[in-house]
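Just below is one structure, and these are the notes that go with it.
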Amino acid sequence: MKSVKKILAMCLAIMMIVSCIPAAHAADVPNTAIDLDAKGSLTLYKYDLTNAEKDGVWDSSYVSTGVYDENVNKTLGESKRAGDNDNSADLGNGEVSYGYAVKGVEFTYLRVGDIVQYTESANDGDADNHIEILYGIDKAVGADLLTVLGLENGADRYTNADHLDNAKYYYQSDVLIDALAQALQNNSTTVKNALETYVANNGGTAMPLTGAYGKSQANNLDLGLYIIAETKCPEMVTSTCAPFFLSIPMSPVSGSNATDGNTRWLYDVTIYPKNLTGIPTLTKSLRENVNDTGKHKGATNDVTDGYANTGTASDGDVIDYQILSTLASITSKSTYYSELAFIDTLSPGLSYNKNDILIEFFSDAACTNLLDSWDESKGYFKVSYSSTSKNESVMTIEMTAQGLNEINTNKRVYTGASMINSGYSDCTVRITYKATMHSDDSVVYGNSGNPNEVVMLWKRSSQDYYDTLVDDAHIFTYAVELVKLFSDAKGDYANVEFIMQNDSDKYYVKAELNKDEGVYYVVGHVADKKDATHFIPVKNADGEGLVIVKGLEDDAYTVTEVRTDNGYTLLKDNIKIVISQVEATELCDIYSSDLLGLVQNDPRYAAIIKDTGNLKNMPQPHLEHHLLTASATVDSKNVNMLDDDGSANAIVPLKVINTRGFDLPQTGDSGTMAFSIIGILLMACAAVVIVMVFRKKCNSN
């Protein structure tokens, strides 16, 4: 309600222009009659009231006098904004805006009544003699306007003037002022929308968009009563100026820049309607899916369950992503989102799972009070996929007309007619989806990581004006390089096999060999040892046997040699490998990428010097996150991790040497031969003895 009263106060301050027209004192001041042949003009300057007050350079109690105010223009249009360190007017998207000026605002004006000086006389049967200014509004053309004001069918008109023109209702300025103020207080958003629509649909003339100094001007205006509405605004505006009446000419209000108030008619009117502005927020985080050993509960309704800006995973794992954004305020049709999109980009080493996007809306930033949830089948958003020249995958989530209408106008949160906000104003949107790590060389291993960016783009009613926020999350993964050698360099690597087990989750590593690269890429994990991949060394040009396994998350692993070549000994113990990661000193640099002038951690929104108590998403939440750096041990000994294609700390190196086994006594070979030779010799000796005995017997005979 505080914001409603504040905006109504601004509106009434401007509408006081009308109420200050003198009532029948023209004879007291020379040359005060309206020149009916004259033309008028309207000049307005549009400034960012929210930030001017936040920075302590402005006070909302200021009331326009109708006269050009040099002090206002210098204070708000030429000053350096707090936090604008380079004092640049460049918005980053080819546009410029000076000081607190708001560029890209459109006002539409519509002449709705004649100015009539009405004289009453007791001789004509009236109660008294007096002269006053009335405003004649056409009964047919002004019917919708009067209905919005609660004055349908000429209610509360000045009936004494009915005889002036049967086609018009005549009103005193006080009646119109009070009716508009009451209508805005009772049903602010509906009335603002109705008046913005009325002005646009009944021949209203759109003024040029405000320029770099917030200025717009309309010249050669016919005299009369005008209603003026803010019909377009750029992306930063959260609350437009309430529609207001303006009389041309008017009597200037006395003030610091006008000492002759109520003494003359002012044909060239200058006003300073102000905007309230605000910004959305944007964060992106990730976690390893619980089915792929993610260290969390797997909750789908908890934005804090395992989600972080950085994480690690194995090749082939599914990654859960979430995007959170608290939307900026929505207060009337001109502040409706005309475009809202999230452009998400994955590194080449990941791919979207597709058809799994869920968009949820919550009334609170902690995402505990769910309002609604959308999937693609509802038609509230559309998704397209593409790729960049760097082979990055791009997913664009864009709200459809149906989705934008729901965001802008639904009544789930702001149900009261007097509430100034509408739709999902200041609510939090959560987008979740999944992606899968590749099992190939498209993944970056080591400290460089795999960044995954998101850009939020939004527009209001001023179509050429938009802005963006950006955030990202990084996923890291690592590798092991086992060099296999034989002590005598004569073994056959094809007869050697290793298996690898994750100690924390007790799964066995499943991998596939890319024969062209000689690299094993992790593709999954299995519970049963018999299904584990048996890693066979690949012989390189130097005659070494290499087992390179890529795509391992940080964790503890056991490597077991389950087979070696004949004549060589197996390792006595298993090999223990531990890959660890900690925050690096290096910060993610995504927040320094000024895409369109508004960035995360924008110094212009980093502090509140003078708090008005009604700021949304300000000061802007400061975002930063450190990247990760890895280290490793092998059998509790620190090792220096190797680079991989320029990415530091990517590969854990280790070397395994098989030595020859000791010779055992052999049977059935040279031993058998010796016995054979001895046997033959003994048989030969026996034969000689037999022959000699036989000859001796013969000689005796």
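Taking the fewest neighbouring Cβ atoms within 10 Å as the starting point, the ordered list for Met500, Met692 is Met692, Met500.
Order 513-521, 234-242, 476-484 from most to least packed using the mean count of other Cβ atoms within 10 Å.
Ranking the peptides 513-521, 234-242, 476-484 by packing returns 234-242, 476-484, 513-521.
Taking 16 Å as the straight-line reach from the Cα of Lys490, the aspartates and glutamates in range (excluding those fewer than 8 positions away in the same chain) are Asp542, Glu544, Asp565.
If packing is taken as the mean number of other Cβ atoms within 10 Å per residue, what is the order of 411-420, 334-343, highest first?
Per-residue Cβ counts within 10 Å, averaged per peptide and sorted highest first, yield 334-343, 411-420.
5 Å is the cut-off here: which amide hydrogens, built 1.01 Å from N in the peptide plane, fall below it relative to Gly518, excluding neighbours closer than 5 in sequence? Hits under the 5 Å cutoff: none. The phi torsions of the range 373-387, fed into the Karplus equation with coefficients 6.51, -1.76 and 1.60 and a -60° offset, translate into couplings of 9, 10, 10, 4, 5, 6, x, 7, 8, 10, 10, 10, 10, 8, 9 Hz, rounded to whole numbers, with Gly and Pro shown as x.
Which shape class, rounded, prolate or oblate, goes with the range 262-361 when its Cα gyration tensor gives a ≥ b ≥ c as root eigenvalues, a/c under 1.5 marks rounded, and past that a/b bigger than b/c marks prolate? Here the range 262-361 falls in the prolate category. Among the listed pairs Lys46/Lys80; Lys295/Lys550; Lys39/Lys74, those whose Cα-Cα separation exceeds 26 Å are Lys39/Lys74. Relative to one another, the C-alpha centroids of the range 548-573 and the range 306-324 are positioned 29 Å apart. Shown for Trp58, Trp374: other C-beta atoms within 10 Å of each C-beta, ranked fewest to most, produce the order Trp374, Trp58. Averaged over residues, the count of other Cβ atoms within 10 Å places the peptides 582-588, 245-251 in the sequence 245-251, 582-588, highest first. Here the residues Lys506, Lys333, Lys215, ranked from fewest to most Cβ neighbours within 10 Å of their Cβ, fall in the order Lys506, Lys215, Lys333. If you add up the charges near Val523, with Lys and Arg at +1 and Asp and Glu at -1, over every other residue whose beta carbon is less than 13 angstrom from its beta carbon, what do you get? For residues surrounding Val523, the net value is -4. Only lysine pairs 8 or more places apart, or on different chains, with alpha-carbon atoms under 19 angstrom apart are counted in the range 323-471, and they number 8.
The amide H of Glu339, built 1.01 Å from its N in the peptide plane, has Lys459 as neighbours under 5 Å, considering only residues 5 or more places off or on other chains.
No value in this document is a laboratory result; all are computed from the given coordinates. Note that the structure is a prediction, hence the values are computed from the model and not measured. When we count neighbours, we look across all protein chains shown, and the Cβ atoms used for this are built from the backbone with ideal geometry, even at glycine.
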